[in-house]
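Comments concern the structure below.
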Amino acid sequence: MRALRVALVHDWLTGYRGGERVLHHLARRYPDADLYTLIHERGSVPAEIESRRIFTSPVDRIPGRANHYRKLLPLFPWAIRQFDLRDYDLVLSTSHAVAKSVRIPEGVAHVDYCFTPMRYVWDQVDSYLGRGIRRRIASPMVHGLRRFDVNTSGEDSVTRFIAISTDVAERIRRHYGRSARVVPPPIDIDWLEPADGPAEDYYLLVGGFVPYKREDLAIEAFRRLSRRLVIAGDGPMRARLERRAPANVEFTGRVDDATLANLYRGCRALLYPQHEDFGLAAVEAQAAGRPVIGFAAGGILDTVRPLRDDEPETASATDATGVFFDEQTPAALSEAIERFEKRENAFDPSSLRRSAERFSPARFDEALDREIETAMGMGMDR
């Protein structure tokens, strides 16, 4: 029997973040698959991704594209449609922008693992463009990208959608009119040992320093709190936020896995002030035996079991894995921290670890295989 010919499609390869971790897992599962991407900055992803045949779009030839690729967004709809995928049986895209919009030949199945519909023009447009003159100037581009996004989301383009969370599945339904099976991403927690002792006296935030991550909210909350906050990570907004931060907020920059594991194990809790599509760090913190204090929206509703308001403060243990707050304000986050501290000793590291184990790579593989099998049957009928 002839081996299945698989093409992987990813928006761009300019760093190793949550989406690239999923792609890395798929690259291991499909070692012979070709990879198509808009932009490839060589050396930015692990060898198991880099070592295969990688095809890039015409925008990859633009000077400086790796550092300024977001400015090329208007070109992406044209660029993603330039790939020729006629030689494959299955196209498996991992998309948060335009990867799911590749041109699909007749008879080829296309499964899109959707991190989110394009956040720049849908749910996060205010965060990226604001509400002033910049937004008005960009309005024609936003409408054009929305139209393209919807027009390349029908069954003739995407055989089957898979969503990383319940929240993303709802966005797919709302924007595209399509249903999506929820399959949480594969999360390797073997590198994280659960904490076996008391926490150190700091809270942790793992930042990306882009607008929707809301590091600013946490910084302002800690401006009024006599607590220590450590922010790990890097991104476009870091320098500006660091200049304005109070002395009790520390910035580590990008850290390696060993350092991050130690930060997780040592913290009192992970702060999660953003509306996240899924939330990798929230699962990793639980794997390290530490709870999450997060904004009650998005993927965190799938990954964290909140402490109930009616749960008595005298209870000595809880199966909860975090504390939620309902408004993205410094005051609401501060109040959630104070609620957490009243019950801090009730959070059980073993329960936290078990919560993280729900998102194992084995469970992902089993669910993905079922979706691909269904899509392959559907694709042959197109």
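The values are calculated or read from the model by the stated rules, or taken from the named source; none is laboratory data. Values in this document were obtained by computation on a predicted structure and should not be read as measured data. Every residue, glycine as well, gets a Cβ built from its backbone with ideal geometry; the counts of neighbours run over all protein chains shown.
Being touching a helix residue (DSSP H, G or I) at 6+ places or on another chain (Cβ under 6 Å) and not assigned by TED's automatic domain parsing to the domain that holds residue 337 narrows it down to one residue among 195, 245; which is it? Steps first, please.
Working: 245 fails: not assigned by TED's automatic domain parsing to the domain that holds residue 337.
Result: 195 is the single residue among 195, 245 that is touching a helix residue (DSSP H, G or I) at 6+ places or on another chain (Cβ under 6 Å) and not assigned by TED's automatic domain parsing to the domain that holds residue 337.
Give segment 237-262 a look and list any residue that's small (Gly, Ala, Ser), without any contact (Cβ under 8 Å) to a residue 60 or more places away in the chain and surrounded by 17 or more Cβ atoms within 10 Å (Cβ to Cβ), or say none.
245
When you check residue 173 against the structure, is it over 26 Å from residue 265 (Cβ atoms) and assigned to a loop (DSSP other than H, G, I, E, B), yes or no? Break it down into steps so the answer makes sense when it comes.
On the way: over 26 Å from residue 265 (Cβ atoms): yes; assigned to a loop (DSSP other than H, G, I, E, B): no.
Considered against the rule, which asks whether it is over 26 Å from residue 265 (Cβ atoms) and assigned to a loop (DSSP other than H, G, I, E, B), residue 173 comes out as no.
A quick yes/no check of all residues on (1) in contact with an Asp or Glu (Cβ under 8 Å, 6 or more places away or on another chain); (2) of a type outside the set (A, V, I, L, M); (3) in contact (Cβ under 8 Å) with a residue 40 or more places away in the chain:
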residue	(1), (2), (3)
38	yes, no, yes
43	yes, yes, no
47	no, no, no
63	no, yes, no
77	no, yes, yes
95	yes, yes, yes
100	yes, yes, yes
115	yes, yes, yes
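Checking the structure you have, find out if any residue of segment 126-140 is at pLDDT below 90, in the same structural domain as residue 36 (by TED's automatic domain parsing) and in contact with a Pro (Cβ under 7 Å, 6 or more places away or on another chain).
yes
Please specify each residue of segment 336-380 satisfying the condition of being among the small types (Gly, Ala, Ser) and touching a helix residue (DSSP H, G or I) at 6+ places or on another chain (Cβ under 6 Å).
355, 356
Do we have any residue at all in segment 283-302 that's touching a Ser or Thr at 6+ places or on another chain (Cβ under 6 Å) and free of Cβ contacts under 8 Å to residues at least 60 places away in the same chain?
Scanning segment 283-302 turns up no residue that is touching a Ser or Thr at 6+ places or on another chain (Cβ under 6 Å) and free of Cβ contacts under 8 Å to residues at least 60 places away in the same chain.
Would you be able to say whether some residue in segment 227-236 is surrounded by fewer than 20 Cβ atoms within 10 Å (Cβ to Cβ), acidic (Asp, Glu) and within 19 Å of the chain's Cα centre (by Cα)?
Yes, segment 227-236 has at least one match.
Out of the residues in segment 11-20 that are touching a residue at least 40 places away in the same chain (Cβ under 8 Å) and surrounded by fewer than 20 Cβ atoms within 10 Å (Cβ to Cβ), state the one that is farthest from the chain's Cα centre (by Cα). Before the answer, list the steps.
So the first thing to find is which residues in segment 11-20 are touching a residue at least 40 places away in the same chain (Cβ under 8 Å), and the list is 11-14, 17-19.
If we keep only those that are surrounded by fewer than 20 Cβ atoms within 10 Å (Cβ to Cβ) too, we end up with 14, 17-18.
On the way: 14: 15, 17: 8, 18: 5 Å.
Within segment 11-20, the match that is farthest from the chain's Cα centre (by Cα) is 14.
Hand me the list of strands (runs of 3 or more DSSP E) wholly inside segment 21-114 holding 3 or more residues that are of a type outside the set (A, V, I, L, M, F, W, C) and buried (at least 20 other Cβ atoms within 10 Å of the Cβ). Let's see the steps before the verdict.
Numbers: elements: 34-37, 54-56, 90-95, 109-114.
Qualifying strands (runs of 3 or more DSSP E): 90-95, 109-114.
Would you point out which residue out of 18, 64 is at pLDDT below 95 and touching a helix residue (DSSP H, G or I) at 6+ places or on another chain (Cβ under 6 Å)?
On the way: 64 fails: touching a helix residue (DSSP H, G or I) at 6+ places or on another chain (Cβ under 6 Å).
It is 18.
Table: residues versus (1) of a type in the set (A, V, I, L, M); (2) farther than 20 Å from residue 204 by Cα; (3) not in a helix (DSSP H, G or I).
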site: 320; (1), (2), (3): yes, no, yes
site: 324; (1), (2), (3): no, no, yes
site: 328; (1), (2), (3): no, no, yes
site: 335; (1), (2), (3): no, no, no
site: 339; (1), (2), (3): no, no, no
site: 358; (1), (2), (3): no, yes, no
site: 362; (1), (2), (3): yes, yes, no
site: 370; (1), (2), (3): no, yes, no
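Checking the condition free of Cβ contacts under 8 Å to residues at least 60 places away in the same chain and not hydroxyl-bearing (Ser, Thr, Tyr), which residue from 181, 171 passes?
Sole residue among the options that is free of Cβ contacts under 8 Å to residues at least 60 places away in the same chain and not hydroxyl-bearing (Ser, Thr, Tyr): 171.
Residues are listed down the side, and each one gets a yes or a no for (1) buried (at least 24 other Cβ atoms within 10 Å of the Cβ); (2) modelled with pLDDT of 95 or more; (3) of a type in the set (Ser, Thr, Tyr); (4) in the same structural domain as residue 252 (by TED's automatic domain parsing):
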{"site": "268", "(1), (2), (3), (4)": "no, yes, no, yes"}
{"site": "273", "(1), (2), (3), (4)": "yes, yes, no, yes"}
{"site": "277", "(1), (2), (3), (4)": "yes, no, no, yes"}
{"site": "308", "(1), (2), (3), (4)": "no, no, no, yes"}
{"site": "316", "(1), (2), (3), (4)": "no, no, yes, yes"}
